[in-house]
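**Q** Got a structure here, written out as structure tokens. Questions coming.
Nothing in this text is a laboratory measurement; each read-out follows from the coordinates by a stated rule. Owing to the predicted nature of the structure, the values given are computational and were not obtained by experimental measurement. Note that we place each Cβ from the backbone using ideal geometry, even for glycine, and neighbour counts take in every protein chain shown.
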Amino acid sequence: MQQVPMSAFFLAHESFIRLAAFGGVLLAMAGWEAAAPCRARRFERRARWWTNIAMSATGTALVRLILPVAAVGTAHWANEAGFGLFNRIEAPAPLAFLLTLVALDLTIYGQHVAFHRFDVLWRMHRVHHADPDIDTTTGIRFHPAEILVSMLVKMLAVALIGAPVAAVIVFEIVLNATSLFNHANISLGERIDPLMRLALVTPDMHRVHHSIFRDEHDMNFGFNLSVWDRLFGTYRKSPREEQRAMRIGLDAYPGSEPTRLLWSLALPFTGAARATSTAGATGREKME
């Protein structure tokens, strides 16, 4: 398969590009939150940020230890082995690049739905939802075990797609950036938000997904493109409570415990996983 012209550049500077993009978006969102926050914080930011960043760093280290090839390495292998769709069919490089981004975004949407539907996966994912406040660091607050599972899913998708290496790198950058953006404690306003969410997930759209109510946090699963929620019937325009006043987190854990690192790391292995239920239930969890 032909590679897009930018492939060599991305491959040569992958680590720097990814780190620069992540740091730049994180700083930009943190500055925006400080200047014009959408919601008042419930808890002191320092402890939450330490916990959220530490979990993300631990997950990244775990992936590098257990799955050192990760998604980009899988793309290299598939390309060299002639494995996967775009390594078996002739397709213009720009088209393969674009379709890979779309296919991987759909994969992440489907994975996110699965993490809400199956109790064994929800045990890990509820660490993300337990954050009692929501800001840009919530976008990287994932249990290390979930980060590992997520990487396995991406590696499988990359292999089956026969994804171009550069497309995988760009997708990883976009996924991190959009997660930081749509979890940010900001609002784009009544004029810009409805227009942007026709194509992309906005902070107001995704914030609904962090409501304490089950019928709300089981909606708006997209991280980047908003089309998947509309297409598969999981789109909710707004929460029942106003954006600035809506309750965030899981109502089983209303205190400061989720702001603590060790508590958050232990959460998948303690308490009861919620049972799946129909939309409209609050899905209250009770500790055993």
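**Q** How big, on average over all directions, is the shadow cast by the Cα convex hull of the stretch 149-247, in nm²? Before the final figure, lay out each step's value.
**A** Numbers: hull surface 28.8 nm².
Directional mean of the projected Cα hull area for the stretch 149-247 stands at 7.2 nm².
**Q** Going out from 0 in 5 Å bins, what whole percent of all Cα-Cα distances in the chain drops into each bin?
**A** Distribution as computed: 1, 6, 12, 16, 19, 17, 13, 9, 5, 2, 1, 0 percent.
**Q** With the Cα gyration tensor of the stretch 140-180 giving a ≥ b ≥ c as the square roots of its eigenvalues, does the rule (a/c under 1.5 for rounded; else a/b larger than b/c for prolate; else oblate) give rounded, prolate or oblate?
**A** Oblate, because a/c is 1.5 or more while a/b does not exceed b/c.
**Q** Ordered by residue, what ³J(HN,Hα) values in Hz, to whole numbers, does the stretch 222-237 give under the Karplus form 6.51 cos²θ - 1.76 cosθ + 1.60, where θ = phi - 60° and Gly and Pro are x?
**A** Using θ = phi - 60°, the values come out as x, 10, 10, 7, 7, 4, 5, 5, 5, 5, 9, x, 10, 8, 10, 5 Hz.
**Q** Of ILE161, ILE134, ILE192, which is the most mobile in a GNM of the chain whose springs link Cα atoms less than 10 angstrom apart?
**A** Top of the fluctuation ranking is ILE192.
**Q** Per residue, how big is the convex hull around the C-alpha atoms of the stretch 25-109? Give it to me in cubic angstrom, could you? Intermediate results must be reported in sequence, preceding the final value.
**A** Values: hull volume 13.5 nm³, N = 85.
Hull volume normalised by residue count: 158 Å³.
**Q** Where is the GNM fluctuation largest for the chain (alpha-carbon springs, 10 angstrom cutoff): THR138, THR259, THR58?
**A** In the Gaussian network model the winner is THR58.
**Q** Which whole-number percentage describes the relative contact order of the stretch 73-188, with Cα contacts under 8 Å and a sequence gap of 6 or more? Display every interim value, and only then the final one.
**A** Numbers: 119 pairs, mean separation 51.9, N = 116.
Relative contact order comes out at 45 percent.
**Q** If you put +1 on each Lys and Arg Cβ and -1 on each Asp and Glu Cβ, how big is the dipole of the chain around its Cα centre, in Debye rounded to 20? Each step should come with its number before you reach the end.
**A** Working: 28 positive and 25 negative charges, 91 e Å.
In debye, rounded to 20, the chain gives about 440.
**Q** Please list, in chain and number order, the residues 5+ apart from ARG236 or on another chain whose amide H is under 5 Å from its amide H, with Hs placed from the backbone.
**A** So ARG236 has HN proximity to ASN220.
**Q** Helix 119-129 sits at what angle to the longest principal axis of the chain, using alpha carbons and giving 0 to 90 degrees rounded to 10?
**A** So the helix axis and the longest Cα principal axis differ by about 70 degrees.
**Q** With just the Cα atoms defining each centre, how far is the stretch 58-113 from the stretch 137-185? Give it in Å.
**A** Computed from Cα coordinates, the inter-centre distance equals 10 Å.
**Q** Now a separate question. List, in order, the whole-Hz ³J(HN,Hα) value for each residue of the stretch 197-207 obtained from phi through the Karplus relation with A = 6.51, B = -1.76, C = 1.60 and θ = phi - 60°; use x for Gly and Pro.
**A** Coupling constants for the stretch 197-207: 6, 5, 10, 10, 6, 9, x, 5, 5, 6, 4 Hz.
**Q** In a solvent-free Debye calculation with one equal scatterer on each Cα, what is log10 I(q)/I(0) for the stretch 188-243 at q = 0.16, 0.22 Å⁻¹, listed in the order of the q values?
**A** Normalising to I(0) and taking log10 leaves -0.41, -0.77.
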